Amino acid sequence: MDGTQVMAIKQQASIEKPTSYADGLPANDPHVAHEAERERLLREAQQARAEAELERQRFRRLFLQAPAPVVLLRGPQHVVELANPPALEIWGRSEDDVVGKPLLDALPEVRDQGIKELLDRVFTTGQAHFGTELKVQLDRRGDGTLEDVYFTFVYEPMRDELGTVEGVMVLAFIVTDQVLARHKAEAAESALHQQQEQLRIALAASGTGTFRWDPLTDAYLTFDANLKRLFGFSPEDPVQFTEDKLARVHPDDVEALRAAIQRRRQRADFEMDYRVILPDGSVRWLHDRGKMEHDAAGRPTYLVGACTDITQRKQSELAAHEAAEHLRFLAEMVPQKVFTATPTGEVDYFNPQWMSYTGLSFEQIRDWGWTQFIHPEDVAENVRVWRQSVATGEPFQFEHRFRRADGTYRWHLSRALPMKDEQGQVVKWFGANTDIDDQKRAVQQKDEFVSVAAHELRSPVTTLKGQIQLLRRRLRKRGETAVAAELTKLDIQLDRLTQRIGELLDMSRLQEGQLPLQFDSIDVDALLAEVVETVQATSPTHQIAIERATRQRIWGDRERIGQVITNLLTNAIKYSPEANRVVVHATANEREIALGVQDFGIGVALDEQRKIFERFYRVTDSALGTVTGWGLGLYISAEIVRRHGGRMNVESTPGAGATFWIHLPIESVETSHTPPPPTAA
Ligand code: ADP
């Protein structure tokens, strides 16, 4: 139904006659006297009524056929007189449900929706009301659920011939779909607007400057305030063309930027880091990127771009680069071989020293390729120790031989440490390898010399000792006791010499792995008593007491175990010059025996307690300047005990004395303990 149709319906509705005034005549007309006249008038009235009825039927049909809802309401209660099918359809009611009922009884759900108030106003004022997109909630399915329906409508007063309002005609269009679609579009638009706003705020906060640039005219369509600030322009400075911007670019970057702009003119996207010089002379790094927009025909329209300040990032990149360069320089300058490896153990860097030493290329030795230059006797253990470090994250240390380019092998000491992150995960291994071949050879030569010297010294000293004893006996026979006593002093010094030479010999034998042990069953308590008696005989200053007993036998070399106990006893006496006693503790459990030699002397500081078992280690103590020794006794003792499957340790309170403990297994060492191989020095 278009506008003209609506108007036509409105005009016809206003001339329709109400039923209660159907005859159109007042009842008692004083001017009607004549009967015939009365008849005529009556006929005319009847005819007029019939015509009016016909007219009414026509309008009714017209309304009923109207494609949009039409409703006629009559009287102050807005009684539904007519509701066409579209109206009934939208209400979800039948004609019987509504016709003849006041509107609020026919559609109770609209009671509080302001409809009645509008109708009342039209009815009482006689003024039409136009409404657009009025939302009405209707119970269309009759199950109490309300459905939103939007109407654009007119409430038109219906008048009788005298102009009195007798009803309201409602003409409506249902615009629900359009309204909902518009609401959706509005919501989308507002979301978009909100997003743009957020983006704008974010860009402003991040200091990102943005621009739009026309590749045809080379003009900036926008060059925002942030961007001006980044280039050191003030907000009022006009920035119109590329050249305006280039004026601020660092001379070293201008050409590259010009070329990039030339490329972007040919519709390419654009991305570049360059420097600008600010009015105060300082330099700022910018990251500039742009994306070309195209029209439907694929022609470039304009380029949208964004610029950010990356000075700080560039500075730290430069610093990191510089630090890496320094490190590289260092790694390449040091005489040592250095390498780095991944957390899983693949070597990913060797400094050039490796390549010149091995004569192999980096590609040949990277990852696990290095195993090819390790001495065949060392490689299996080397790989095992390295894998273990990689698995546990423990520092790596190994001595092994590397094959030089000329085919000779040289000893190296290798160490690697893991660099870990905050979570304790290894991120990289750093290793250094030192050529220790010369030192190793020097030590070997020294050891060889010591061994030869000790052997060479032993026989003349033994001969000397024999001759002194012979001489002493002769002198005694001749009654020259004073001279004989002098010779005894000489003899004591010779004993010391013999002991030292013995230690040297033991040491070199241990070095060579050749300290032969004669295993036998030993009665521990008997051995202890015997050794104590011997040492006591030559040590009048101290009383040696044995506490408790082991009541055990062990399997071992009687002489060597005796040597160990002797060594502990002589040390106990030597290092407790102010004391007068030594206590030997003997105990056992089902697995091992323990012998403890306790003195009341100077004791051993905590940080020395491990070191004193090392070769040639002595505690330097000026108070004991006269005490002789060369730091071999404990080393040899510990090695002997170790080769019996046992261990040694010391407990001490410095100043109050020390107790040296020997632990030895009771079971047969022959069957359960193969003596371990000698340690590499
Ligand atoms: P040395 O020949 O010097 O005695 P050892 O190997 O027997 O060599 O002992 C190594 C070092 O251990 C000694 O120099 C001394 O400093 C320390 N030491 C050994 N026994 C004792 C002890 N009973 N009390 C204090 N210090 C001791």
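The values are calculated or read from the model by the stated rules, or taken from the named source; none is laboratory data. Quantities reported herein were computed from a predicted structural model and do not represent experimental measurements. Cβ sites come from the backbone with ideal geometry, for glycine too, and all protein chains shown count toward neighbours.
For the range 302-319, the set of residues classified as surrounded by fewer than 17 Cβ atoms within 10 Å (Cβ to Cβ) and touching a strand residue (DSSP E or B) at 6+ places or on another chain (Cβ under 7 Å) consists of Val304, Ile310, Thr311, listed by residue number. A single member of Phe173, Phe123 is modelled with pLDDT of 90 or more and closer than 21 Å to Ala68 by Cβ, and it is Phe173. Out of Ile573, Ile636, Ile612, one residue alone is within 30 Å of Ser508 (Cβ to Cβ), hydrophobic (A, V, I, L, M, F, W, C) and in contact (Cβ under 8 Å) with a residue 60 or more places away in the chain. It is Ile636. For the range 92-119, a tally of residues being outside any loop (DSSP other than H, G, I, E, B) and either small (Gly, Ala, Ser) or free of Cβ contacts under 8 Å to residues at least 40 places away in the same chain (or both) returns 16. Residue count for the range 147-170, restricted to those that are modelled with pLDDT of 90 or more and exposed (fewer than 14 other Cβ atoms within 10 Å of the Cβ): 2. You will find that of Ala306, Ala247, Ala331, the residue that is under 37 Å from the mean Cα position of the chain (by Cα) and closer than 20 Å to Ala225 by Cα is Ala306 and no other.
Do you know which residues across the range 57-84 are surrounded by 16 or more Cβ atoms within 10 Å (Cβ to Cβ) and over 16 Å from Val168 (Cα atoms)? Selection gives Leu62, Ala66, Ala68.
Inside the range 332-354, residues that are outside any loop (DSSP other than H, G, I, E, B) and of a type in the set (S, T, N, Q) make up a count of 2. Quick check: anything in the range 217-236 more than 21 Å from Pro300 (Cβ to Cβ) and over 44 Å from the mean Cα position of the chain (by Cα)? So far as the range 217-236 goes, yes, one or more of its residues are more than 21 Å from Pro300 (Cβ to Cβ) and over 44 Å from the mean Cα position of the chain (by Cα). Checking each residue of the range 258-265 against the condition of being of a type in the set (A, V, I, L, M, F, W, C) and surrounded by 12 or more Cβ atoms within 10 Å (Cβ to Cβ) gives at least one match. Of the residues making up the range 374-394, those that are loosely packed, with under 12 Cβ neighbours inside 10 Å and of a type outside the set (D, E, K, R) are Pro376, Ala380, Gln388, Ala391, Thr392. Only residues that are assigned to a helix (DSSP H, G or I) and either within 16 Å of the ligand (Cβ to nearest atom) or touching a residue at least 24 places away in the same chain (Cβ under 8 Å) (or both) were counted across the range 520-553, and they come to 9.
Filtering the range 283-313 down to residues that are touching a Gly at 6+ places or on another chain (Cβ under 9 Å) and not hydrophobic (A, V, I, L, M, F, W, C), which residue is nearest to Asp252 (Cα to Cα)? Here the residue is Arg284. Can you find, within the range 621-667, the residue that is modelled with the lowest pLDDT among those that are within 8 Å of the ligand (Cβ to nearest atom) and at positive phi? Filtering first and then ranking leaves Gly629.
With respect to the stated conditions, Lys420 fails to be touching a Phe, Trp or Tyr at 6+ places or on another chain (Cβ under 8 Å) and at pLDDT below 95. All of (1) at pLDDT 90 or above; (2) exposed (fewer than 11 other Cβ atoms within 10 Å of the Cβ); (3) not in a strand (DSSP E or B) hold for Phe130 with one exception: (3).
You will find that of Arg299, Arg284, Arg328, Arg289, the residue that is surrounded by fewer than 14 Cβ atoms within 10 Å (Cβ to Cβ), basic (Lys, Arg) and over 30 Å from Asp435 (Cα atoms) is Arg299 and no other. Being surrounded by fewer than 15 Cβ atoms within 10 Å (Cβ to Cβ) and within 41 Å of the chain's Cα centre (by Cα) is a property that holds for Glu422. Right, Asp599: out of contact with any Asp or Glu (no Cβ under 8 Å at 6 or more places or on another chain), within 16 Å of the ligand (Cβ to nearest atom) and free of Cβ contacts under 8 Å to residues at least 24 places away in the same chain or not? For Asp599, the condition - out of contact with any Asp or Glu (no Cβ under 8 Å at 6 or more places or on another chain), within 16 Å of the ligand (Cβ to nearest atom) and free of Cβ contacts under 8 Å to residues at least 24 places away in the same chain - is not met.
Just checking, how many residues over the range 200-253 are among the aromatic types (Phe, Trp, Tyr) and surrounded by fewer than 19 Cβ atoms within 10 Å (Cβ to Cβ)? Qualifying residue count for the region: 1. Is it true that some residue in the range 554-573 is farther than 27 Å from Arg496 by Cα, away from the ligand (no atom under 16 Å from the Cβ) and out of contact with any Gly (no Cβ under 8 Å at 6 or more places or on another chain)? Yes, because at least one residue in the range 554-573 is farther than 27 Å from Arg496 by Cα, away from the ligand (no atom under 16 Å from the Cβ) and out of contact with any Gly (no Cβ under 8 Å at 6 or more places or on another chain).
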